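The values are calculated or read from the model by the stated rules, or taken from the named source; none is laboratory data. Just so you know, these numbers come straight off a predicted model, no measurement behind them. Quick reminder, even Gly has a Cβ in these numbers, built from the backbone with ideal geometry, and neighbours come from all protein chains shown. Please note that ligands, DNA and RNA were not included when accessible areas were found on the heavy atoms of the full protein model with its side chains. Shrake-Rupley method; radii C 1.70, N 1.55, O 1.52, S 1.80 Å.
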Amino acid sequence: MTDGTASRRDHMPATKADWDADFLKDVLDGLGRTVKALPAKYFYDERGSKLFDRICELDEYYPTRTETAILSRHAGDIAERLDRGMTLVELGSGSSVKVRLLLDVLDEPAAYVPVDISGEHLEASAARLAADYPDLTVKPIHADYNRPFPLSVKGGPERALAFFPGSTIGNFSPDEAKAFLARLGRQLGVGGRLLIGVDLKKDKARLEAAYNDASGVTAAFNLNLLERINRELDGTFDLSSFAHRAFYNDQLGRIEMHLESLRPQTITVAGVPFRFQEGETIHTEVSHKYAVAEFADLAREAHWDLEETWTDAEDLFSVHLLTAIGAPSRLRA
Ligand code: AVJ
């Protein structure tokens with residue numbers, strides 16, 4: 001991937017140094033704002049990825065196990081709606097665990113294309129998967145799926161299935177989610193499909209418990225971002241003077257995670273000072289929740305048709321199958 005010619009705008013930063021430069025720029029920019037914020041994608045360094053895996057095991061954190069249950073229960077149903085020879089493109093494939101539920105039931109899938117920002121993780125997971133599915137062509141792409149990446153699908157758009165599990169779509173604002181889905185639809189082409197996991201709106205206490213687990217793993221995950229800044233960007237955050245805060249914002253239909261300064265203080269990052277008042281927060285993540293009809297509306301505005309929705313008995317989580325219908329012609333509009 002790092003042949004040095006790939007444009008940084010089109011692909012991953014070409015080198016670790018580029019990634020570090022982007023990280024520094026994003027942190028200085030985010031902390032310099034009147035309302036301080038940091039991009040959630042920086043949670044996932046090695047320790048952050050391990051903490052996230054532990055979050056998925058927590059009693060309070062229902063999304064992962066609920067989505068897995070929905071996928072295993074309805075895998076046959078999903079497969080029935082798809083042709084033979086599909087190319088499965090997974091956005092943010094991580095350890096490629098959930099996709100096995102699909103690969104086990106799909107009719108002679110042509111290829112599996114895991115796309116992930118973490119190169120080492122990607123290669124290792126792809127190799128394990130290829131060993132377990134010897135007849136399957138596995139073509140990993142080391143890329144940030146938020147940026148355009150080259151994709152070719154044998155048999156055309158009708159044979160393309162994007163897989164975007166985990167309710168990662170919730171990390172986008174609704175407008176960003178719409179733009180992302182519209183872009184994905186254009187990339188796959190009319191007739192392309194999307195299987196996506198979306199966390200549902202529900203009782204506030206249940207939602208808030210999922211992001212405020214009793215054992216403090218989510219707090220450690222959130223605070224790890226400051227540790228990472230200290231380590232990689234020469235930051236001076238005192239972790240004991242920041243606290244994890246997570247709450248449901250009813251108006252905006254989203255969980256917000258913040259890190260709250262417990263006292264007035266000035267910290268520096270790469271020598272640049274940032275002042276905090278007592279109680280001031282850094283906004284670190286949003287996790288939007290959608291009722292089925294809300295998500296169907298959003299998807300339609302992004303030119304996707306909702307084909308089917310599967311949920312669990314408690315209506316905690318949803319898995320949707322969608323078809324790209326393409327934007328209406330400008331000539332007719
Ligand atoms: C991976 C973005 C879906 O929003 O629930 C879990 C991340 N943050 N606990 C989510 C997360 C805190 C997770 N997503």
Residue among Arg54, Arg81, Arg47, Arg73 that alone is under 24 Å from Gly185 (Cβ atoms) and open to solvent by 30 Å² or more (accessible area, probe 1.4 Å): Arg81
Filtered residues of segment 217-248 (kept if open to solvent by 60 Å² or more (accessible area, probe 1.4 Å), assigned to a strand (DSSP E or B) and more than 19 Å from Gly30 (Cβ to Cβ)): Phe247
Failed condition for Ala324, given (1) within 18 Å of Glu176 (Cα to Cα); (2) open to solvent by 10 Å² or more (accessible area, probe 1.4 Å); (3) out of contact with any Lys or Arg (no Cβ under 7 Å at 6 or more places or on another chain); (4) of a type outside the set (D, E, K, R): (2)
Matching residues in segment 84-105 - criterion: being open to solvent by 10 Å² or more (accessible area, probe 1.4 Å), within 15 Å of the ligand (Cβ to nearest atom) and either modelled with pLDDT of 95 or more or of a type in the set (Lys, Arg) (or both): Lys98
So Glu46, is it more than 16 Å from the ligand (Cβ to nearest atom), out of contact with any Phe, Trp or Tyr (no Cβ under 8 Å at 6 or more places or on another chain) and under 27 Å from Glu232 (Cβ atoms): yes
Residue list for segment 169-185, filter: in contact with a strand residue (DSSP E or B) (Cβ under 8 Å, 6 or more places away or on another chain) and either in a helix (DSSP H, G or I) or open to solvent by less than 10 Å² (accessible area, probe 1.4 Å) (or both): Ile169, Gly170, Asn171, Pro174, Ala177, Leu181, Leu184, Gly185
Within segment 1-44, considering residues that are basic (Lys, Arg) and at pLDDT 70 or above, the one surrounded by the most Cβ atoms within 10 Å (Cβ to Cβ): Lys36
Strands (runs of 3 or more DSSP E) wholly inside segment 63-165 containing at least 1 residues that are within 19 Å of the chain's Cα centre (by Cα), touching a residue at least 40 places away in the same chain (Cβ under 8 Å) and within 29 Å of Leu207 (Cα to Cα): 87-91, 160-164
Filtered residue count, segment 250-281, keeping only those that are under 20 Å from the mean Cα position of the chain (by Cα) and open to solvent by less than 30 Å² (accessible area, probe 1.4 Å): 5
Looking only at segment 191-216, and only at residues there that are assigned to a helix (DSSP H, G or I) and more than 12 Å from the ligand (Cβ to nearest atom), the one that is nearest to Leu316 (Cα to Cα): Arg206
Residue list for segment 117-143, restricted to those being under 21 Å from Phe23 (Cα atoms) and either in contact with a Phe, Trp or Tyr (Cβ under 8 Å, 6 or more places away or on another chain) or of a type in the set (Ser, Thr, Tyr) (or both): Ile117, Ser118, Ala143
